[in-house]
């Protein structure tokens, strides 16, 4: 429907009429329906004898947009264009302001006289207003209603909508002009303007000229010639000859809307148009302009052509619009590149510690340099591997942190111990570097004490290719001659950072992973299989059999104390604050993981400030490793550690007795037996004692010493069933000590006291789990051991070595047992897994409110309101220029926080386009290709599309989508799902081929239309809607509960729980149960993928109503939590599928033997004849 020029209107059904009203009118609204989706009103005014539209008011699904010349208001607030929110996009091209809405309304306004409105056909028969009723019949019910005829004036005045205090006069007459006589005059005027030969009807001549030849077949031209002639007569009176241009332009627009290709009818004399920059005016060109940031935009354009200013086609080079510098059209080769917010001209480059990149016509081409790997243990439980996989392990043992598994040049052990009242409060208690196969052992304690081969050693020291020194009181560095460097932090708590030379790639093992740039196999254990959870993996690296196996913990320490949580949120929030003291580093090191760790530690610790400062300093160190020095961050936080030397020491001339030390309170001090000549210097006076750092403290602040290691004041030691705390420098224990244990047969008691020094005791007892582990003994421990030749079986018994089972995800398997791992089968032999080496399908999951899990298993959240490329194989790399598929997704928002409630997905395959939205699939064919390259089937809740090329798309018709790709596409794809090359570190590759750290920069680069606004960071919805938090946490706790217990050891639930809470907080305007159910279903689906079937739905939690499909009195349909993998259907009678997909949950029929085939369209079981 449209309006243009001097009051001309064309209805949806094709009537053209003139109505010169100057009031506020309903242009088109949604009526005859229980809920009004849209209402569009317009108001005209006459300026200098030319009618123009001065105001358009639109209400689209409750959002009010008001367009006036030069300003756009949404819900009363002025907005910047382009605008995209809550399902409405407003953008401006060279000529039009375009408003689009998800419900199927598109409005184009040229900011002067013309509006073109396009409606989805679902609104047929449901509209009112000047545009008519959209019933497909001209005249009827607009100008003939109940067999009463109406004039255009009467029809128009009925649509008037006055404001509350306004009384606008109805239009009473359509001005008529005495045309034939004036035509001569008007032609005379026009001849003066356009130099036309006399007596030539310019209206007919232009509208039937060759420029509109294609159009005359599509759109009837008679009414437009008539409208043009009426305008001519009018303009003869008003001396305004431009008015005829409006009708020509309208005819051109109608033609394009009908699918025609109008040619350029404007000339330098007739209705000329000027364009900015070096752009050219064209009558019909794609509205999706190619730009520097997205040079392939026009290939995937779904809209018809429009008139406007476009880049010239170029003789040899294609030109694109430079949307980076906004300098008009340039050849694609001259495009600039963007990295980290800065613009680089083509040919320039930047260099970072690990890569050098050169800009090449809008695309980055990067060279990787080999870089050392860093592994760290911070906060006592957060481990980050060389390949940047982050996980938590609340250990209670000495673990192999990293070791050279090939040549055994080095082994680094880390001792993690419980150091608080809760199980999750663990501390790093010592780090041991073991060189030359055990000949040199350097052990470092949390207080900075260093023991070389069990002898306390002063720093600095250098021996046997290891050098140690303390560059500051907080840190100690241990360097080796062969490329291993260990950095230890002592203040506020002990943390360790290991740097490895790139020559060790692929050679390491231990908690730090294997250093091969592939994150997904970091949990590979000695027995050759990849564990599913961090605790299952870490338990295999304990060095003593007697240590407990640690179970995963799901508790959130911040939930225990409101004050701690507020404290943590405030101070840890500095890490992610975009204007805070750490912001300068955000582009180089993503603070998200550090923020999560900081929240956990700060809430969990007894000394919140120490743990907070340790977490902040871990980020500062990571930034320093990237070459960014953060200055001045201690001004507002953690400033207490900066104060200088203690004032407590007093100078004395004669000190003749030994220095009173804290150690002497717990253990006899050897130095006091030595008589010596008095010396002068600083000493502790007035009953104070010197601690390890040379400070003088009163007895109650002394640490105690337990087995030579300091125990700080207030910390807890667990020993033999007793709990000891440190009071006044002396250990104070509660509980009776365990008597000498009675060993159950066949075990025997080994007592160190009765054996010679240097013997190893119970600490070296092997178990099935630690058979492949060397024994690292620092001192003999008494305890129960197995008789010679037997090892512990893990349940308190002793068995021969060869009977040990294999272990996977903490379950035991006997020799010869088989398990399935992804698409491979593994057999247990000699405690090791031997697996087949099939290449498996890669999976990318997108679920809920913008949670992504890429093919290489990198997880991130990104919320944008545009269309984004999820995955495509058009990546501009070698040889894949003409790709075969592209999947584009768009979030449809709900909720005030801009949360997503459903997705619409477009799949482009060869010449087909599939559109998935509103719970169904529709197909648009764009070429002549006859063979259909895909199949569609319904499996339970999911719609599954499989293509010949090896792309499988599973969609739950709401927000969850799983994309599977065959291994042939490895490294060939790009988009928000990553590049599927096995390395998740480079998954944030932007469209211009640079690897970035910032999620927003990565996500925004993949938007399909460069006119859509960039997404910005979303506030945490639980703090925006605090009233929803407790509900969300309570509901989502099902993920951590026993319902999913079978899956916890296979798939880490923490990330899914976090996503669930975020989504449930965010859905604050309806659909909240959907958000919650989708998030839990995503975890259930991940469990189903590894073969654990969980029936979690119940009548109260996310029920599925399968009985809906049963006919009266029948009972075929049932809910299956893990589905049937491949059914006999009418479309697929063989019941064999291209790919054996894991079952998808949903409603499935049990088809009876006499009707074995399932008819997917009728949703019932039929016999083969009825298919």
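Points to keep in mind about this one:
- So residue 117, is it in contact (Cβ under 8 Å) with a residue 40 or more places away in the chain, under 18 Å from residue 42 (Cβ atoms) and in a strand (DSSP E or B): yes
- Residue match in the stretch 291-303 (condition: over 21 Å from residue 91 (Cα atoms) and in contact (Cβ under 8 Å) with a residue 40 or more places away in the chain): no
- Residues within the stretch 55-71 that are assigned to a strand (DSSP E or B), surrounded by fewer than 17 Cβ atoms within 10 Å (Cβ to Cβ) and touching a residue at least 12 places away in the same chain (Cβ under 8 Å), tallied: 4
- The set of residues from the stretch 589-616 being surrounded by fewer than 23 Cβ atoms within 10 Å (Cβ to Cβ) and closer than 24 Å to residue 486 by Cβ comprises 589, 593, 610.
- Whenever a residue of the stretch 625-654 is surrounded by fewer than 16 Cβ atoms within 10 Å (Cβ to Cβ), its partners that are part of a loop (DSSP other than H, G, I, E, B) and modelled with pLDDT under 60, lying with C-beta atoms within less than 9 angstrom and at least six residues away or across chains, give the pairs 653/678; 654/678.
- The residue that is nearest to the chain's Cα centre (by Cα), among those in the stretch 1019-1035 that are under 16 Å from residue 558 (Cα atoms) and touching a residue at least 40 places away in the same chain (Cβ under 8 Å), is 1020.
- Residues considered: 972, 993. Of these, the only one that is out of contact with any strand residue (DSSP E or B) (no Cβ under 7 Å at 6 or more places or on another chain), surrounded by fewer than 22 Cβ atoms within 10 Å (Cβ to Cβ) and touching a residue at least 60 places away in the same chain (Cβ under 8 Å) is 972.
- Test for residue 430: is it in a strand (DSSP E or B), modelled with pLDDT of 90 or more and surrounded by fewer than 23 Cβ atoms within 10 Å (Cβ to Cβ): yes
- Taking the stretch 81-95 as the range and being under 26 Å from the mean Cα position of the chain (by Cα) and either assigned to a loop (DSSP other than H, G, I, E, B) or more than 29 Å from residue 273 (Cα to Cα) (or both) as the test, the residues that pass are 81, 82, 84, 85, 86, 87, 88.
- Of the candidates 181, 223, the single residue that is surrounded by fewer than 19 Cβ atoms within 10 Å (Cβ to Cβ), out of contact with any helix residue (DSSP H, G or I) (no Cβ under 6 Å at 6 or more places or on another chain), modelled with pLDDT of 75 or more and part of a helix (DSSP H, G or I) is 223.
- Within the stretch 465-537, strands (runs of 3 or more DSSP E) holding 3 or more residues that are modelled with pLDDT of 85 or more: 484-489, 495-500
- Flag for residue 380 being crowded, with 21+ Cβ neighbours inside 10 Å and touching a helix residue (DSSP H, G or I) at 6+ places or on another chain (Cβ under 8 Å): yes
- Breaking point among (1) buried (at least 22 other Cβ atoms within 10 Å of the Cβ); (2) farther than 28 Å from residue 1091 by Cβ; (3) modelled with pLDDT under 85, for residue 797: (1)
- Leading residue by the ranking (modelled with the lowest pLDDT) among those in the stretch 621-661 that are within 52 Å of the chain's Cα centre (by Cα) and either part of a strand (DSSP E or B) or farther than 30 Å from residue 577 by Cβ (or both): 645
The values are calculated or read from the model by the stated rules, or taken from the named source; none is laboratory data. Everything quoted here is computed from the prediction, not taken from an experiment. Using ideal geometry, Cβ is built from the backbone for each residue, glycine included, and neighbour counts are taken over all protein chains shown.
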